[in-house]
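Engineer: After the structure tokens below, expect a handful of questions from me.
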Amino acid sequence: MRTMQNSDGFGVKRGALVAEEEDICRAFPQKPADCNKGDFGRVAVIAGRGTFGAPILSARAALATGAGYTELLLPEGTGDAARLALSASMPACVIREYGCGFTAAQSIAYGMGAGVGEAQYAFLCALLREFRGTLLLDADALNTLARFGKEVLKEAACKLILTPHPLEFSRLAGISLQAVLGDLAGCAAEFSAAYGAVVVLKNFRSVIADGAFLAVNPTGSPVLARGGSGDVLSGIIAGLAARIPPRDAAVCGSYLLGRAGELAEARGGAYAPDAQDVIEALKAVVADFSR
């Protein structure tokens, strides 16, 4: 990594670290000939009772990062028809319902399309209390914490990665959006230190904070300024976090999403590509880094 020498004008001041290609390559070492899927981590994406579209994007992105075993866990009572349809569209992903003691994954992603309510908060509290791997919280998980209480984060038995965009962070931290946008790095670093989590504060130049560590992601594209991009990022980071440390997964995942957005723009322009196009571009980006 190199050190940023000047402010970039997007709420990030000089002195932060900037990821470079060699940092990303380390996340994709050459596979030994005798490897098996258990060597590359097990990731679970948990769908709530909101919309399935968002967690499906996350699961597809996790698959694209090379996770050895990927599960999409659906709420109880989802129905056989839905599971069969999803299994047909993602044959490499295990699709099943979840209950207590639902997964042996090294990493879990939760919140995408989950909805916000007391039931979600109770589930989230149980997840924080019982899970021992790396838990990534995004979207409605963050909004649920903002509404019902974020202090539970301090009691987590698991490692935490939080991936808010500025408005979600504003709600979660209880500060104005203008304050967040004016000091992305400071806000992320302060929250990370207070709650013991890796914070990926998403913006044109996303910031990754972990205690005293602060990095800025140098990649990105206007293609990513549309719904679904955050869901893809959640899946990428969760897929990586199943086999590498949370901070490294956050840095590498942010870089890979940005590169995938750049490639999707090169292929289809700034307006047309959607989140699935970004996932297809991600596969090519990962291929380049894993050669």
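The values are calculated or read from the model by the stated rules, or taken from the named source; none is laboratory data. Keep in mind it's a predicted model, so treat the numbers as computed, not measured. Backbone-built Cβ (ideal geometry, glycine too); neighbour counts: all protein chains shown.
Engineer: Which of (1) out of contact with any strand residue (DSSP E or B) (no Cβ under 9 Å at 6 or more places or on another chain); (2) loosely packed, with under 15 Cβ neighbours inside 10 Å does Ala92 not meet, given it meets every other one?
Structural biologist: Among (1) out of contact with any strand residue (DSSP E or B) (no Cβ under 9 Å at 6 or more places or on another chain); (2) loosely packed, with under 15 Cβ neighbours inside 10 Å, Ala92 violates only (1).
Engineer: Do you know which of the residues in segment 194-217 that are surrounded by fewer than 21 Cβ atoms within 10 Å (Cβ to Cβ) and over 27 Å from Gly41 (Cα atoms) is nearest to the chain's Cα centre (by Cα)?
Structural biologist: Asn203
Engineer: Just wondering, is there one or more residues in segment 171-181 that are surrounded by 18 or more Cβ atoms within 10 Å (Cβ to Cβ), in contact (Cβ under 8 Å) with a residue 24 or more places away in the chain and assigned to a loop (DSSP other than H, G, I, E, B)?
Structural biologist: no
Engineer: Is there any pair linking a residue in segment 225-236 that is more than 13 Å from Leu256 (Cβ to Cβ) to one that is hydroxyl-bearing (Ser, Thr, Tyr), with Cβ under 6 Å and at least six apart or on different chains, and which?
Structural biologist: Pairs found: Asp231/Ser58.
Engineer: Counting only residues that are among the acidic types (Asp, Glu) and loosely packed, with under 15 Cβ neighbours inside 10 Å, which one in segment 62-89 is farthest from Ala250 (Cα to Cα)? Steps first, answer last, please.
Structural biologist: Here is the first cut: in segment 62-89, the ones among the acidic types (Asp, Glu) are 71, 76, 80.
Filter once more, so that each one left must be loosely packed, with under 15 Cβ neighbours inside 10 Å: 76, 80.
Values: Glu76: 30, Asp80: 35 Å.
Filtering first and then ranking leaves Asp80.
Engineer: Does Ala54 count as modelled with pLDDT under 80 and not in a loop (DSSP other than H, G, I, E, B)? Break it down stepwise before answering.
Structural biologist: Numbers: modelled with pLDDT under 80: no; not in a loop (DSSP other than H, G, I, E, B): yes.
Criteria not met by Ala54.
Engineer: What single numbered condition from (1) in contact (Cβ under 8 Å) with a residue 24 or more places away in the chain; (2) in contact with a helix residue (DSSP H, G or I) (Cβ under 8 Å, 6 or more places away or on another chain); (3) of a type outside the set (Gly, Ala, Ser) fails to hold for Phe131?
Structural biologist: Result: Phe131 fails condition (2) only.
Engineer: I'm trying to understand the selection: among the residues of segment 57-91, which are more than 17 Å from the chain's Cα centre (by Cα), outside any helix (DSSP H, G or I) and under 27 Å from Asn143 (Cβ atoms)?
Structural biologist: Across segment 57-91, the qualifying residues are Leu74, Pro75, Glu76, Gly77, Thr78, Gly79, Met90.
Engineer: Could you tell me how many of the residues in segment 92-128 are in contact (Cβ under 8 Å) with a residue 60 or more places away in the chain, closer than 14 Å to Leu57 by Cα and assigned to a strand (DSSP E or B)?
Structural biologist: 2
Engineer: Continuing with this model, one more query. Of the conditions (1) at pLDDT below 90; (2) farther than 23 Å from Gly253 by Cα, Asp34 fails just one. Which one is it?
Structural biologist: Answer for Asp34: the failing condition is (1).
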